[in-house]
Amino acid sequence: MTSAVKPTNVARVSMLLRSNLLMDSVRSNSVDLLKVQNQLSTGLKIARPSEDPGAATSIMNLDSLIERYKQYQTNIGQAKDYMDQTDSALSQSIKLVGNAHTQALDALSVASRSGGIVDFDSYIPIIDGIIQSMVSQGNSVCRGSYIFGGQNNTVPPFEQTNGGVLFRGNLSELEARVSAETQQGFTVNGQEVFGALSSQVMGIEDLNPDITAATPLSDLNGALQEGIRKGSIIVSDGTNSVTVDLSLCVTVGDVINKINTAASAATLPADRVKVTAAISADGTSLSLTPTVPAGNITVNEVGTGYTARDLGIHLTVGGGAGVLLAGQDVDARLSLTTPVTALHGVGGAGIDTINGLIITNGQTSKTIDLSTATTLDDILNAINHAGLSVRAEINNAGTGINVLNQLSGSEMTIGENGGTSATDLGIRSLTLSTLLADTHAGAGLHNANAIIRITDSSGASANVDISTATTMKELIDLINNTVGINVTAGLAAVGNGLAIKDDAAGAGTLSINMVQEDNYHILDQLGFAVGNRSVATGGTLKGNDINPIMPDGVFSHLIALRDALTHNSTTEVSAAGALLEADHTNLIKMQGIIGSKTQSLTTRKEHTEENLLAANTLRSDIRDVDFTEAITRYQNLYTALQGNLKTGSQMVNISLLDFLS
Amino acid sequence: MGLINGALQIGKSGLTAAQSGLMVTGNNMANAATPTYSRQQMYLAPTQYTEVVPGKYTGTGVKILDIRRQVDDALNGRIRSASGDSASNLVQQQALSRVEAVFNELTEQDISSRLNDFFGAWTALQGKPNDSAQRNIVIQQGQNLTNFVQETRTGIKNIQDDLDSQVRFQVDQANALASQIADLNRQIVTSEAGRSGSSSALRDQRDDLLKQLNESINITTREVEGGSVTVYVGSSPLIQYSESRGMTYVEKEDINGAKLAQVVFADNNLPMELTSGKLHGLITARDTQVGGIIGDIDTWARGVISEINSIHSLGRGTNGYTEVTGLNSVDDPDAALSDMDGTGLPWAATNGDFYINVKDQTGNVSSKKIHVDVGMDGSDMTLNSLVTAINAATDPDGPGPLTRNIQASVDGANRLHIEALTNGYTFTFSGPENQADATNVLAVLGVNSFFAGQSAADFSVRTGLTSDYVVAGNSVEALDGKGDIAGRIGSLASTGVASFNGQSISDNYVSRMGEIATASKAAQDNYTAADVVLQTLEAERQSISGVSMDEEAIHMVTYQRAFQGSARFISVVNQMLDEIMALVR
């Protein structure tokens, strides 16, 4: 009732004063009454922000918080839909894989009962049907998006093609914001569920790119392997020093420009820091060169910074007059824009871009031409767009390239095209360092007690005991070191696989044979199939790549089962059946993971609901009117108005004139 | 005879006095409801004594000493200044409550609700980035937001324009008042002709005009000899005797570039020092308050445009561009893009990288990194050097398996233009993986942006932005399912941004609203306080100058009785004369 305060400290009351006061008090009473009436009719304590600015800003903040919570709930709901759809697709898949496994067992049991007469033809359509159903489960859709496609969810992630199943999806998860701080992934990718990509990481070698002016600082691991923590450094030439703020630098070029600009910033030449920064000649580090003979360079951190150390140029005691400060290796990571010329390659001598490489996936073989590639991006493009259903990408550590096979049921090999391109890029499928135990999709080369016999074209022959070899290099060395035959073993110069060249120049043929019957698979295992075990003089016996890459998942195993049934091979059926059993277990495990993810979303949803309720309650406390209080106030104001009107009307009405006759 | 004659004179003076008294009382009663009226009071005194017998004296009647207005000039001065303050505060309060009404906050139809919906749409897009319906919702919510911001700004601008026209009107009115006061000065001096204070009505009239003038502008007055008042505004005289210097206005540009009236003396166009009064209130409301709010909402819109475009410009929609032209022209294509004075743009480019990804007909994508150098080697990137850098990186004749078939140029309006030279080639933009390495140069130039405009006045969703070009992800691989950019924009609702010194877009808006609400409340409180002061003073004035009917009734009875007494006395004297005349018979 603040506005009802009226001045009364007067000595004389005039008619106008009385009526004005009455008018004012009736007016302010009415205004107050209107406000309370408005509060009662709207249920809101505050109609305009200016009535209580503090409360109004709280309400507005709460409003936006409430809106966000509602949005989080919608997002969680959507994510849950995805999860539910995923769960249902998984249930179906489990049934299908279980069925395939049962069919395999059934086929084996029928075979065992039929006394060695094996005819699995009737099972093939069943397995084909299962494969088709699995593909359609893999292409399950939720809200218009393919749930197993990752971020590439506008096209069906699985397609039956070239006798295999091609995975077109992407492994990145879709994320939804479920709280102010958290984004939750709500998809599982085709790789996790179906093992749709070859899991083998091929590019294990560090390609060790040079730094260039354009290399982003965020692509450097830094001399301490902690990245580059940007801050200021103090550069001194022994006489003058300058603090260089590198906090806004983005690239290596920025750092060099910043240092050089700061060094020459002083107006008087005498005050300048006589140092020039540049990228070192070997391209791995920064270097600072004194520009006067007496210059003795030091570089220090400012405060507790790490910038100079991360950049590999921290030097507290100068190396002496005129000595160049050669920085430490800042270890650049690969990026799409890394120039091919900046790549040191596995051998350290750069990348052979002239010859290119040969990639074979299943029946398709392509030569990848790298001659026009200028950046790593170009190399990846050349591989990815060759139509081979393979995908090349930079590995997570940024040290090398991974090439993945997207076609389940198909084997991929990567070899040379007469040069060293694949080796330089570190993506050759079979290399000298390949462990024999890892070959044949992890089944390994069974070279225990393995002795092979090589006969060169001059007719000379020798036994080679390869049982001690553990790597391809050791295997090759064992052949090359064998006395008595004139051959050179190595990896194929074109394509991939073990190659044995005849150097004897005799009249006969170069041939390879097994020695011990108990290891009659060894030649097959080395890649020399029947019919590929001899070659004319001067020729080269070329084995197949024994380390091809194939996705190791449900589709591969189903296809393997189908092929085994086609071959009527009980061994293969049994092997495929075992793999499918493992897949079955894996799928059940995945379903469990989905279940727990769904559970966490449910918990999140409940939590958000609680938050929403709390925010709504708080807003109501601030914004909504307390009806008891408002009604009481209304009553008070009404009484005051009544009193006002009554006394006012009487006082205004009465005058001495009434009593004069 | 002298005695009788003298007695008749006494009676006559009594009759005159009582009659006059009744007239004063009657006049007072007649003006009891005239707000500006100051009651008059008659002052009587006995006339000179005369010697009836030697050495003995008696009075000769009553004389009217004075009929005076009951006024306290000092109090009137205080009322004038209080009414000036009150008027100033009232105008400000009214203006700010109109502004509040335009913002319409705390309802469902306000900027903050639209802002929430806008960010909500982006957050939803993050989870379904390939959904073209959701992309359209984002555009729709963007339009809802920008339309409302524009409407709000227009609404506030209208208030400012209205205040400005009120200023112009008030100046004319005050000018007329000043002329009338100057005229009254002349009349009062002439009519009083040395009898100071005798022209009550004229003075009341002048007091009223001064009060009215004071409601318009802050004046101080000084009465000079002869009854005229000199009126000052600040330390400069406005009215001297019968001369008013006059006041008028000149056009002046405010901080937001609006042409507004500035109040000046008519004779020399020098600005008036306004400290209270309606004009002061109008000008304060127009320039400081409403003008400040317009500036505020412009700054906020600029920040929103910059923050959202900085993210949006470095990502791709479902389609690539075959050509694109920046929305923003620079004044000088050779000016550093970090120099806002040189470019004439409200944003400065920052140091960092962006990528142009060129896609050929078969789907090969080649990315080119463009480094924008700001503050590194002393020569910052300009629009021309940016064009050179893009063309160098995407040289159509250069090596590489992809023909880098795009070309950048500066168009006739000094805007960045990029186009694919070969049919079937498209290009997109993306940012570095490390967000801190990104430059905002594309946002500054208005390329691949979501919003267009440079203030709240032209804040809009980019014309021609279709769902295909709404950026949801920062993906060079053309993955429609990547929603990271949408997620980042959505989270701007609650994450701090550089444009607002670490405050989030919503928080910044709310705190600006809080300031407006506080200013509005302060204006209300100020008005209430000033009004209480004014009412107190008015009550005091009424207490001194107002007419009380009871008092006047008493006066009336008194004068009536005095009149009756005097008349009776004359009748007695008459009888006495008759008696004497009878002696003669």
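Things worth noting here:
- Take the Cβ atoms of A:Thr488 and A:Val515, set R0 to 22 Å, and the FRET efficiency comes out at 0.55.
- Estimated at 0.36 nm per residue, the fully extended path between B:Ser379 and B:Gln435 surpasses their Cα-Cα distance by 17.8 nm.
- Rolling a 1.4 Å probe over the heavy atoms of the protein chains gives the protein assembly as shown an accessible area of 42 Å² per residue.
- The distance from the alpha carbon centre of the stretch A:309-382 to that of the stretch A:542-582 is 38 Å, rounded to a whole number.
- Relative contact order for chain A, counting Cα pairs under 8 Å that sit 6 or more residues apart, in percent: 16 percent
- When the other protein chains are added to the chain by itself, burial of at least 20 square angstrom of heavy-atom accessible area (probe 1.4 Å, ligands and nucleic acids ignored) affects these residues of the stretch A:235-260: A:Leu248, A:Val250, A:Thr251, A:Asp254, A:Asn257, A:Lys258.
- The mean sequence separation of alpha-carbon pairs under 8 Å and at least six residues apart, normalised by the residue count of the stretch B:117-250, gives a relative contact order of 23 percent.
- Distance from the stretch A:252-287 to the stretch B:178-196 (C-alpha centre basis), Å: 84 Å
- Chain A: DSSP helices with Cα axial extent of at least 27 Å and average Kyte-Doolittle hydropathy no lower than -1.0: A:15-42, A:53-113, A:570-623, A:627-653
- Subtracting the Cα-Cα distance of A:Glu393 and A:Thr571 from 0.36 nm times their residue separation leaves 60.4 nm of extension gain.
- Cα gyration tensor, the stretch B:6-73 - rounded (a/c under 1.5), prolate or oblate: oblate
- Surface burial for A against B, with a 1.4 Å probe and both sides summed, reaches about 6300 Å² of accessible area.
- Net length available on complete extension from A:Ala448 to A:Thr161 is 99.5 nm, with 0.36 nm assigned per residue and the Cα-Cα distance removed.
- At most 14 other Cβ within 10 Å, DSSP loop - GluC sites (Glu not before Pro), the stretch B:193-281: B:Glu225, B:Glu273
- Across chain B, Cα pairs under 8 Å and at least six residues apart give a relative contact order of 21 percent.
- Prolate/oblate/rounded label for the stretch A:379-419 (Cα gyration tensor, a/c 1.5): oblate
- Restraint check, A:Lys597/B:Lys482; A:Lys45/B:Lys259; A:Lys95/A:Lys366; A:Lys258/B:Lys128, Cα-Cα greater than 32 Å: A:Lys45/B:Lys259; A:Lys95/A:Lys366; A:Lys258/B:Lys128
- Extreme residue, positive dipole direction of the protein assembly as shown, given options A:Ala79, B:Ser379, B:Ser196 (C-beta unit charges): B:Ser196
- Each of B:Gly431, B:Gly473, B:Leu492 was placed along the dipole of the stretch B:429-501 (beta-carbon charges, centred on the mean Cα), and the one lying farthest toward the positive end is B:Leu492.
- Working from label points 7 Å from Cα in the Cα-to-Cβ sense, the A:Thr42 to A:Ile354 distance is 8.3 nm.
- Accessible surface ranking for A:Met550, B:Met42, 1.4 angstrom probe, highest first: A:Met550, B:Met42.
- Cα pair distances of the stretch B:473-585 binned at 5 Å [whole percent]: 3, 8, 7, 6, 6, 6, 5, 5, 5, 4, 4, 4, 4, 4, 4, 3, 3, 3, 3, 2, 2, 2, 2, 2, 1, 1, 1, 0, 0
- Residue among A:Pro125, B:Leu15, B:Gln205 farthest towards the positive dipole end of the protein assembly as shown, charges placed on Cβ: B:Leu15
- Cα centre as origin, Lys/Arg/Asp/Glu Cβ charges: the stretch B:86-189 dipole, Debye: 180 debye
- Angle in degrees between helix B:73-103 and the longest Cα principal axis of chain B, rounded to the nearest 10: 30 degrees
- Heavy-atom accessible area ranking, 1.4 Å probe, most first, across B:Trp347, B:Trp122: B:Trp347, B:Trp122
- At an R0 of 60 angstrom, the distance between the Cβ atoms of B:Asn319 and A:Ile654 translates into a FRET efficiency of 0.10.
- Cα→Cβ-extended label distance, 7 Å offset, between A:Gln92 and A:Ile593, nm: 2.1 nm
- Given +1 at the Cβ of Lys and Arg, -1 at the Cβ of Asp and Glu and no other charges, the dipole of the stretch A:272-412 around its Cα centre is 360 debye to the nearest 20.
- Plainly put, the protein assembly as shown has a radius of gyration that is 1.23 times its Kirkwood radius, both from alpha-carbon atoms, as the Rg/Rh ratio.
- In the stretch A:139-172, burial by the other protein chains removes 50 Å² or more of accessible area from A:Gln151, A:Thr154, compared with the chain on its own (1.4 Å probe, ligands and nucleic acids ignored).
- Between A:Thr243 and B:Ser511, the modelled label-to-label distance comes to 2.8 nm, taking each label 7 Å out from Cα in the direction of the beta carbon.
- Treating r as the C-beta distance of B:Ser409 and B:Val250 and R0 as 56 Å, the FRET efficiency rounds to 0.80.
- Three-way shape call for chain A based on the alpha-carbon gyration tensor, with the a/c threshold at 1.5: oblate
- Charge dipole (debye, nearest 20) of the stretch A:293-372; +1 at Cβ of Lys and Arg, -1 at Cβ of Asp and Glu: 80 debye
The values are calculated or read from the model by the stated rules, or taken from the named source; none is laboratory data. Predicted model, so just to flag it, every value in this text is computed and none were measured. Don't worry about glycine lacking a Cβ; one is built from the backbone with ideal geometry, like all the others, and counts go over all protein chains shown. These area figures cover heavy atoms from the full protein model, side chains too; ligands, DNA and RNA do not enter into them. Shrake-Rupley method; radii C 1.70, N 1.55, O 1.52, S 1.80 Å.
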